[in-house]
Structures are given as C-alpha cells and as structure tokens.
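The values are calculated or read from the model by the stated rules, or taken from the named source; none is laboratory data. The structure displayed is predicted, hence computed values, not measured ones. Ideal geometry is used to build each Cβ from the backbone, glycine not excepted, and the neighbour counts take in all protein chains shown. The accessibility values were calculated without ligands, DNA or RNA, using every heavy atom of the protein model including side chains. Shrake-Rupley method; radii C 1.70, N 1.55, O 1.52, S 1.80 Å.
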Amino acid sequence: MTHTTALDILAHIRRWTECESPSQSLQALGRMADLIVADARMLGLQAELHDIGAEAGPLIHIHNRAPGDSRAGIMVLAHYDTVHPVGTLQQNPCRIEGDRFYGPGTYDMKAGTWLALSALGTVAQAGSSALPIDMVIVPDEETGSTASRSHIEDFARRARYALVCEPARADGGRCVTARKGTGFIWVNTHGRPAHAGVQHDKGRNAIKEMAHQILALEALTDYARGITVSVGLISGGTTSNVVPEHCQVEVDFRVPDAAGAAWLKAQVEALRPVDPDVALKVEFKLNRPPMDRTEATAALLHRAQASARAAGFELEEAPPTGGGSDANFTAALGVPTLDGLGADGDGAHTLHEHILVSTLPARQAFWNHLLQHLD
C-alpha cells in the first residue's frame, strides 16, 4: 500500500473526527451514527440502527451475512462515543505534524473503527469471507456501556470470535489479551445536623465519618494482587456553619480476576460506621467482569499474528491492562477475544490525542487479511 492510501485513510478518519460525538450529547451521537451507516452502505454493506433506550444513542449493526445464514461468525466490536465535549476540536484540531495526525477521538477509537469497517467493505459480498461478520458499534462505551451491554452480549453469544477495535497500546502497537475487571463503589453517610457554633455537640458529622471510610477503602488497594481502589468523587455538607448531615463518595476499583472481585466485595460490604450514631450505606457494582487470557485467546492471537506478518509487521502482546473495555463482556461469555487491534498512536482522553500516520497502511492490510482468512 502507498502513502496515497494512507492519506485516503486519513481523509475518512478526519471526516469522522470532525463529526464530534461526545457521550454527553445524543444529538451529536445521532449525527455520527448516521455518518457511519452512510459510509457502510457506500461500501456495499448491510447497515442498520437499533434504538437501545432514550438515554443512549443508537447501536449500529453492520454485516455481510447472506439471508438465512445463522452461523457463528466474527464479531467486530467498536464504539463511536468519545470522552471529549463538543468544542474540543478547537483545542486539538485535526492536523498532521510529522508522523502524527491529531484530533479528539482519533486514537480512541475512530481510526480503529474506520480500519475495521473499511476491511469489512472488502468482503461485503456474502460468502467472500470464511465466516459471516457482524460489526457492532455502540454509543456508550465511555460511560460504562450501560444501555448497550445486553446487546453486546446477545451478539457475542452468536459469535465464534470477537475482535475489538480499541487502540493499540501506545508502547509499540501491541494488542490486548487480558484486562482487569472494573467497577464502582458508592458510599453514603447520614449524620445529624446542628448549628456548628451553638449546638456542635449535638451534631453527628457525616463528613468526619466518611473520612474514616475513605481511609478504610483506600487501604483495600493491594498492588501485589493487582487490586486497586480509588476514591475519586466526594460531596457533602451544606454550609460551613452547619455540622454536615450527608456525605457521598464514588469509588473506582480494578480487580484481576473473579476471586479478587469476590474478596473486595466482601471487604466493602463488611464496612461499619466508626460513629454508631451515623448511618452508613454501601453499594458495590462490578461493571465489567475481568477479561482472562485463555488458551482459546492464545490461539486467536496466533492467527492474528500471522495476519500481521502478512501485512508486514509483528503484532506483539501487551501485558494485562487495568483499563476496561467492551472486550470484558465478550470474553466473560467464553468467546475468544482480542482487543487493542485498532490504530497505533497515543494520548487517549487527552488534548494531545493522535495516531501515527505511517502505521495506517499496514494496519489496514492487517484487518483486510484477518477478516478474509479467519475461520
């Protein structure tokens, strides 16, 4: 493939990037979904939108299945929402600087999504790939895939393999075979309000109690076991001259496996108030189950590495990552899953997000080969 082809790939990625699709705006998500469907149909693919609820944009299903073909096939999984609010293009405009193409959402993950969609277009005719291919592009991955999870799992149950277009790891473009499970803990303390100057002794300080609970939660982090707990958001009180009645925190956690998740859940649910006059409420939710590296995953990696070599590069395997993705859902159902197969670059979720231009032709050739030959 030539540099002209790289520029052609960039033209499509630029169009998608300039159609901003933050997770906070349903109108912007709708515009992006319509653009993707139009491009898919221009490639000769079957494409349709699915309503998955009033709080989310539409789910996109693109495929090359013949009528009546219900075989388990290849699931290609992507998302079209980004973390960037509308207007980020003014701070990180689309541009080429050296080998870098900048723009919000380029790396995570519009470039990888375009590469996979373009490759699917090369096998648009039913029967031109060894297995039928279903590309599922969701609108809410960056906010936890709450609305799309059940739909992802429905497609996964009918799949032989899952290939996920999340960006390649920044340190060499490696793919992902294992991810930690992710989740949230919500803690509420309810004390007793009082005038901070006149009746301080009659108050029961919900923030003071939460301080004890925050220390207990943070102490559950165990780097040796791969478990992390991070109190990320806190709110409470009304004004400084009132003993606070309420306090709330939202906590992020990451666990390496199901055993770690069960242990952490037990520890969190065993928390008790230090002040018996303050009520404590705790909620634990495993949002994404751990993505385990299995023998079937290793076999799929071997096939993908052969496609990479055919495209002229070596596809290396990244160590297990603490970040979650929709690959966690497919892998938890026992579907051999490879993640991080998208574009090479860096800066996800930042104002220096970019992809590496020189890697695009080989990445495109990789996807073309993999979708044509995987059986």
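Quick rundown of the values:
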{"quantity": "Residue within the range 227-249 that is of a type in the set (D, E, K, R), over 27 Å from LEU338 (Cα atoms) and under 25 Å from the mean Cα position of the chain (by Cα) present", "calculated": "no"}
{"quantity": "Residue ranges of helices (runs of 4 or more DSSP H) in the range 288-375 with at least 3 members among the charged types (D, E, K, R)", "calculated": "295-311"}
{"quantity": "Check on PRO320, touching a Lys or Arg at 6+ places or on another chain (Cβ under 9 Å) and open to solvent by 10 Å² or more (accessible area, probe 1.4 Å)", "calculated": "yes"}
{"quantity": "Scope the range 358-374; condition over 25 Å from GLY324 (Cα atoms) and within 23 Å of the chain's Cα centre (by Cα); matching residues", "calculated": "none"}
{"quantity": "Odd one out for THR239, checked against (1) in contact (Cβ under 8 Å) with a residue 40 or more places away in the chain; (2) surrounded by fewer than 14 Cβ atoms within 10 Å (Cβ to Cβ); (3) more than 19 Å from ALA219 (Cα to Cα)", "calculated": "(1)"}
{"quantity": "Given (1) farther than 18 Å from ARG157 by Cα; (2) touching a residue at least 12 places away in the same chain (Cβ under 8 Å), index of the condition ALA38 fails", "calculated": "(2)"}
{"quantity": "Residue match in the range 19-39 (condition: in contact with a Leu (Cβ under 6 Å, 6 or more places away or on another chain) and closer than 27 Å to GLY334 by Cα)", "calculated": "no"}
{"quantity": "Residue match in the range 72-81 (condition: in contact with a Leu (Cβ under 8 Å, 6 or more places away or on another chain), farther than 14 Å from MET135 by Cα and at pLDDT 95 or above)", "calculated": "yes"}
{"quantity": "Any hit, the range 86-93, residues being touching a helix residue (DSSP H, G or I) at 6+ places or on another chain (Cβ under 8 Å), modelled with pLDDT of 95 or more and among the β-branched types (Val, Ile, Thr)", "calculated": "no"}
{"quantity": "Number of positions in the range 271-303 that are acidic (Asp, Glu), within 21 Å of GLY236 (Cβ to Cβ) and open to solvent by less than 90 Å² (accessible area, probe 1.4 Å)", "calculated": "2"}
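Every residue, every condition in (1) over 22 Å from the mean Cα position of the chain (by Cα); (2) closer than 22 Å to ALA159 by Cα; (3) open to solvent by 10 Å² or more (accessible area, probe 1.4 Å); (4) free of Cβ contacts under 8 Å to residues at least 12 places away in the same chain, yes or no:
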{"residue": "LEU77", "(1), (2), (3), (4)": "no, yes, no, no"}
{"residue": "ASP81", "(1), (2), (3), (4)": "no, no, no, no"}
{"residue": "PRO85", "(1), (2), (3), (4)": "no, no, yes, no"}
{"residue": "THR88", "(1), (2), (3), (4)": "no, no, no, no"}
{"residue": "PRO93", "(1), (2), (3), (4)": "yes, no, yes, yes"}
{"residue": "ASP99", "(1), (2), (3), (4)": "yes, no, yes, no"}
{"residue": "GLY103", "(1), (2), (3), (4)": "no, no, no, no"}
{"residue": "THR106", "(1), (2), (3), (4)": "no, no, no, no"}
{"residue": "GLY112", "(1), (2), (3), (4)": "no, yes, no, no"}
